[in-house]
1. Can you tell me which residue in segment 140-158 is farthest from residue 122 (Cα to Cα), limited to those that are free of Cβ contacts under 8 Å to residues at least 40 places away in the same chain and in a helix (DSSP H, G or I)?
2. Could you tell me which numbered condition residue 164 fails, if it satisfies all but one of (1) out of contact with any strand residue (DSSP E or B) (no Cβ under 8 Å at 6 or more places or on another chain); (2) surrounded by fewer than 17 Cβ atoms within 10 Å (Cβ to Cβ); (3) under 13 Å from residue 107 (Cβ atoms)?
C-alpha cells in the first residue's frame, strides 16, 4: 500500500497544527511547527483564505494524516460508515479509532501510529491469542490485544511502556501494563476521540 514517505513534520505545518506524527518529539521544542508555524514551501507564510470546498478537503486530509491511512482506505471507511446505523461522521471516527495500529498507539505500546504500524507488521502483537500483522485490522468489543510472548523483551516496546506510563488511555480501552496487553471494553464514542476534527465537513465533502 502506498504511504506518504516525505518529512512528516511538513504535514503538520501544512495543516497548521500538531498532528503528533512523530511521537515524543512532538512534545518537545524540536517540533517543527513550534519553530516554524507556517506552511512549507516558498509561499508558505502567505496562507490564503480557503473556500468552502478547500476547508472540507483540508479537514479530510488532516484526518487521513492523523490516522496514517491512504485515500483508498479512507474512502472505504467512509462508505462503511455511510451504510451503517448512526451518524456517518461519528461512525467514521469510530472505525478509524478501532484500527489495530491506533489501538496499539492508544495503549502506549507505540510512540506514534507509524511506529505502531511497524511493530504490528513485524509480528509483535496478537489479538485474542492469534498473531495479527495487519495494521488496518479492526478490533471489536471484547478483543484482547497483547504483545506476543516472544516480543516482550523488545527494547522499543519496553521503552514505550516506560515513557508512556503516565499517558492517559481512552475509557473504551483497559490497559494492563504489567502483562503488556489491553482490552476493548466498549466501542469508542464521539467524546472518546480527542483529535481536533470536524467530521461533518468530511461528510459534506463526500456528499457533493
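1. 158
2. The single condition residue 164 does not satisfy is (2).
Only the coordinates and a few stated rules stand behind these numbers; no lab work does. Remember, predicted model here, so these are calculated numbers, not experimental data. All Cβ positions, glycine included, derive from the backbone under ideal geometry; neighbour counts span all protein chains shown.
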